[in-house]
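Shown next, in structure tokens, is the structure this report addresses.
The values are calculated or read from the model by the stated rules, or taken from the named source; none is laboratory data. What you see is a predicted model, and the numbers here were worked out from it, not measured in a lab. Backbone-built Cβ (ideal geometry, glycine too); neighbour counts: all protein chains shown. SASA here: full protein model, heavy atoms, side chains in, ligands and nucleic acids out. Shrake-Rupley method; radii C 1.70, N 1.55, O 1.52, S 1.80 Å.
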Amino acid sequence: MTRKLFGTDGIRGRANTDPMTAEVAMRLGMAAGRHFSTGTRRHTVVIGKDTRRSGYMLEYALAAGFVSVGMDVQMLGPIPTPAVGMLTQSLRADVGVMISASHNPFEDNGIKLFGPDGYKLSDEIEAEIERLMEAPVDLAPPSRIGVMERLDDGHARYIEFAKATFPRRRGLDGLKVVIDCANGAAYSVAPRVLWELGAEIVKIGVNPNGENINRGCGSTDPAACQKAVLEAGADIGIALDGDADRVHLIDEKGRVIDGDQIMALIATRWAAAGRLARNTLVTTVMSNLGLERLLAAQDIALVRTRVGDRYVVEAMREGGYNLGGEQSGHVVLADHVTTGDGLLAALQVLDAVVTEGRPTSEVCAMFEPFPQLLKNVRFQATARPLEDAAVRAAIREGEAALGATGRLVIRPSGTEPVIRVMGEAEDPARLAAVVDSICEAVTRAAG
């Protein structure tokens, strides 16, 4: 069964526009509640969100749907996406919900669902929930209507959980850390974790107003964090995105450290300690060839997947691996969490900085990346530019031009009508010419 509403990361769209409306959210709550309700016992759902204005509307609409079919609702308020997965497990809830559009602007929003194991749902379950959304609703009788309450200690539970992933006899005393929470879901918990571990913290992006999430801050716009690191003379900057499931770091010189370098550091340290399951890292087709060559030189295997952290997690679960992620900063530490967690990934790097006693710039300089170029071409929703003969020909010519010293990854975005054209090569000029040629062909085909 194909899915119409769910994309690569839940349901997403412009707030108050189909499908991101209160009506759809309520029907989704009814359908998901019906799917996860079995037997006569009480069933529970936990609902978290980021700081978007539309989160209130969707939060209460979802809750109304769940309670109407007999599920009890625990409201978490603004909290990171990985915390929802963790708390779904910890509270033995039947389903978890995160209301967020991640790194998108505040006008957008999204809904992600987690199963009772804390993992995002499979394509098959999402398709079944869509089917139930179109079926007649079997409402609970008055005596079985669910109840709704706020979970007051959700933040405290996640703070203690995050701290427990850091070595107990080690602290961050003497480190000055800039933490940029993107005016998003981690604005309260992330600074608290770092402070309780002993760091001197400089906080930015911690004043959400419902409209400033990801605006001029966070992992997708790290300039503010870079500036703060240099002005404060900080040892490191941590830039999270709106729902805190991804991170980019800033070294003491103000340079951005992406997910590939973070994964390289963690993978090599875990391998040396015998902690890296099956001596393998899982990442996507977007990760740099420099990462692949570094791992090969250290006899660490690399498994590549489609773009999307859900596909990374699926491969990790199927293969029994415990480390994976994306260049964009999703880093999945499966010994601790079920999805990407920007704060936990940053703590792994901070542990390396503390134990090695070297600057962040040296600790995180794991490999020299191949020149990489990514361009986006927007298209009409009805167009199919990748099926165009001229586009296919341009791609073939580009692959031939790059040969064995480079590669191309051309794919449609899973969240917006955009074709992403990414290339890597040792020769930057040749790479730019190839990518531009393909983008021109896609633009013509997109009408």
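Restricting attention to region 241-273, the residues that are open to solvent by less than 10 Å² (accessible area, probe 1.4 Å), in a loop (DSSP other than H, G, I, E, B) and of a type in the set (A, V, I, L, M) add up to 1.
Being of a type outside the set (S, T, N, Q) and buried (at least 21 other Cβ atoms within 10 Å of the Cβ) is the filter here, so list the residues in region 104-114 that pass it. Step through it out loud before you land on a result.
Let us first name the residues in region 104-114 that are of a type outside the set (S, T, N, Q), namely 105-108, 110-114.
Residues satisfying the conditions are PHE106, ASP108, GLY110, ILE111, LYS112, LEU113, PHE114.
Might you check whether a residue that is open to solvent by 20 Å² or more (accessible area, probe 1.4 Å), among the hydroxyl-bearing types (Ser, Thr, Tyr), touching a residue at least 40 places away in the same chain (Cβ under 8 Å) and touching an Asp or Glu at 6+ places or on another chain (Cβ under 9 Å) occurs anywhere in region 325-339? Yes, some residue in region 325-339 is open to solvent by 20 Å² or more (accessible area, probe 1.4 Å), among the hydroxyl-bearing types (Ser, Thr, Tyr), touching a residue at least 40 places away in the same chain (Cβ under 8 Å) and touching an Asp or Glu at 6+ places or on another chain (Cβ under 9 Å).
Within region 337-345, can one find any residue that is of a type in the set (A, V, I, L, M), over 14 Å from the mean Cα position of the chain (by Cα) and within 30 Å of ASP235 (Cα to Cα)? Reasoning before the result, please.
Of the residues in region 337-345, the ones of a type in the set (A, V, I, L, M) are 337, 343-345.
Imposing the further condition that a residue be over 14 Å from the mean Cα position of the chain (by Cα) reduces the set to none.
Looking for residues that are of a type in the set (A, V, I, L, M), over 14 Å from the mean Cα position of the chain (by Cα) and within 30 Å of ASP235 (Cα to Cα), one finds none in region 337-345, hence no.
Residue-wise test of (1) among the acidic types (Asp, Glu); (2) within 31 Å of the chain's Cα centre (by Cα).
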| residue | (1), (2) |
| --- | --- |
| ALA401 | no, no |
| SER413 | no, yes |
| PRO417 | no, yes |
| GLU424 | yes, yes |
| ARG430 | no, no |
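Summed over region 355-374, the residues that are out of contact with any Ser or Thr (no Cβ under 9 Å at 6 or more places or on another chain), more than 12 Å from ASP235 (Cα to Cα) and modelled with pLDDT of 95 or more give a count of 5.
The residues listed here are ALA352, ALA400, ALA432; of these, the one that is farther than 30 Å from MET20 by Cα, out of contact with any Ser or Thr (no Cβ under 8 Å at 6 or more places or on another chain) and open to solvent by 70 Å² or more (accessible area, probe 1.4 Å) is ALA400. In the set (1) in contact with a Lys or Arg (Cβ under 9 Å, 6 or more places away or on another chain); (2) assigned to a helix (DSSP H, G or I); (3) small (Gly, Ala, Ser), the condition left unmet by SER102 is number (2). For the structure I just gave you, tell me whether PHE379 is modelled with pLDDT of 95 or more, over 30 Å from GLY198 (Cβ atoms) and of a type outside the set (Lys, Arg). So PHE379 fails the test. Within region 182-202, residues that are over 20 Å from ALA223 (Cβ atoms) and open to solvent by 10 Å² or more (accessible area, probe 1.4 Å) have Cβ atoms under 6 Å from residues that are β-branched (Val, Ile, Thr) and not in a helix (DSSP H, G or I) in these pairs: TRP195/ILE201, counting only partners at least 6 apart in sequence or on another chain.
Would you please name the residue that is surrounded by the fewest Cβ atoms within 10 Å (Cβ to Cβ), looking only at residues in region 14-44 that are β-branched (Val, Ile, Thr) and closer than 20 Å to ARG131 by Cα?
Selected residue: THR38.
With the requirement that a residue be among the basic types (Lys, Arg) and under 30 Å from PHE161 (Cβ atoms), what does region 347-397 give you?
Looking only at region 347-397, we keep the residues that are among the basic types (Lys, Arg), and these are 358, 375, 378, 384, 392, 396.
Passing the criteria: only ARG358.
ILE11 meets all of the listed conditions (1) in contact with a helix residue (DSSP H, G or I) (Cβ under 8 Å, 6 or more places away or on another chain); (2) on the phi < 0 side of the Ramachandran plot; (3) open to solvent by 10 Å² or more (accessible area, probe 1.4 Å) but one, namely (3). Screening ASP94 against (1) out of contact with any helix residue (DSSP H, G or I) (no Cβ under 6 Å at 6 or more places or on another chain); (2) crowded, with 22+ Cβ neighbours inside 10 Å; (3) among the acidic types (Asp, Glu) leaves a single unmet condition, (1). Scanning region 299-326 for residues that are at pLDDT below 95 and part of a loop (DSSP other than H, G, I, E, B) yields ARG306, VAL307, GLY308. Residues in region 385-426 that are under 17 Å from LEU289 (Cα atoms), in contact with a helix residue (DSSP H, G or I) (Cβ under 7 Å, 6 or more places away or on another chain) and of a type in the set (Asp, Glu): GLU424, GLU426. Restricting attention to region 218-240, which residues are open to solvent by less than 10 Å² (accessible area, probe 1.4 Å), without any contact (Cβ under 8 Å) to a residue 60 or more places away in the chain and within 17 Å of the chain's Cα centre (by Cα)? Scanning region 218-240 gives a single hit, ALA239.
If I filter region 79-87 for residues that are open to solvent by 10 Å² or more (accessible area, probe 1.4 Å) and either over 15 Å from the mean Cα position of the chain (by Cα) or polar (S, T, N, Q) (or both), do I get at least one hit? The answer is no; no qualifying residue exists. Filtered by the rule that a residue be among the basic types (Lys, Arg) and under 24 Å from GLY10 (Cα atoms), region 386-417 gives a lone residue, ARG411.
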